[in-house]
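All remarks here apply to the structure that follows.
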C-alpha cells in the first residue's frame, strides 16, 4: 500500500504534530515565528505559528502568544512519543514587515530563542529577521525543512501626469 504525500497547512495561532512520513507541514510567515520541533529517534515532529511574544496576560490559552504555542506543541509531541531531552528545533520568521511600528518580528524571534534556551532545547538552525515573508515546509519525521523567500510586489509607481498647458490664444501667420 502506497501512502500519498499530503501537506498540512499550519495557520496563525495553530500547530500540528505528525509521525507520518508522508506529511509535510507548511506555513507562511511575516513577523510571526514558527518553531519546528522534532525527535529524530522517535521520528515525530511538529510546527507552530505564533503571532506575538510572551503569554498574553488574561488570555493564558491563546495560541497567538508564543508561550502558549510552545507549551501546547511540546505537550503534544511528548504525547505522540517524543522525548523532551531529544527534541531539536528549527526557527523561522520574525521579519520586520513595517518600518512604522515597533519590530514585532524581532520580539517574536527573541522570545523563541530565549524559550528554547530556558527549556534546554537545542536549536540546530534558524532563519530569523530580514524584511521578507517566508514559506516554510517541514518534514516532521526527519526534521528536514525548506524555506522559500516570498518577494513582495513592489508598489506600482504612480507618476501623476502634469496636465498639458493650454494652447495660447495667439494665432501665428
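The values are calculated or read from the model by the stated rules, or taken from the named source; none is laboratory data. Computed from a predicted structure; not experimentally measured. No Cβ is skipped: glycine too gets one built from the backbone with ideal geometry, and neighbour counts run over all protein chains shown.
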Handout entry: Subset of segment 1-23 (residues that are under 22 Å from residue 151 (Cβ atoms) and in a strand (DSSP E or B))
Key = 7, 9
Exercise for the section: Among residues belonging to segment 142-157 that are at pLDDT 85 or above and in a strand (DSSP E or B), point out the one that is surrounded by the most Cβ atoms within 10 Å (Cβ to Cβ). Expected result: 145
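Please indicate, with yes or no, whether at least one residue in segment 94-104 is part of a helix (DSSP H, G or I), modelled with pLDDT of 90 or more and farther than 23 Å from residue 120 by Cα. If you could, list the steps in order and put the result at the bottom.
Of the residues in segment 94-104, the ones part of a helix (DSSP H, G or I) are 104.
Filter once more, keeping what is modelled with pLDDT of 90 or more: 104.
Subset that is farther than 23 Å from residue 120 by Cα: 104.
Yes, the conditions are met somewhere in segment 94-104.
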Handout entry: Considering residues of segment 75-91 that are in contact with a strand residue (DSSP E or B) (Cβ under 6 Å, 6 or more places away or on another chain) and not in a loop (DSSP other than H, G, I, E, B) only, the residue surrounded by the fewest Cβ atoms within 10 Å (Cβ to Cβ)
Key = 86
Completion exercise
Residue count, segment 52-71, condition out of contact with any strand residue (DSSP E or B) (no Cβ under 6 Å at 6 or more places or on another chain), over 22 Å from residue 142 (Cβ atoms) and at pLDDT 90 or above, comes to 3
Completion exercise
residue 94 vs (1) surrounded by fewer than 24 Cβ atoms within 10 Å (Cβ to Cβ); (2) in contact with a helix residue (DSSP H, G or I) (Cβ under 6 Å, 6 or more places away or on another chain): all pass except (1)
Practice task
Return only the number of the condition from (1) free of Cβ contacts under 8 Å to residues at least 24 places away in the same chain; (2) over 13 Å from the mean Cα position of the chain (by Cα); (3) surrounded by 16 or more Cβ atoms within 10 Å (Cβ to Cβ) that residue 18 does not satisfy.
Solution key: (1)
Problem - Candidate set: segment 105-139, residues that are more than 16 Å from the chain's Cα centre (by Cα) and outside any helix (DSSP H, G or I); chosen: the one surrounded by the most Cβ atoms within 10 Å (Cβ to Cβ) - result: 121
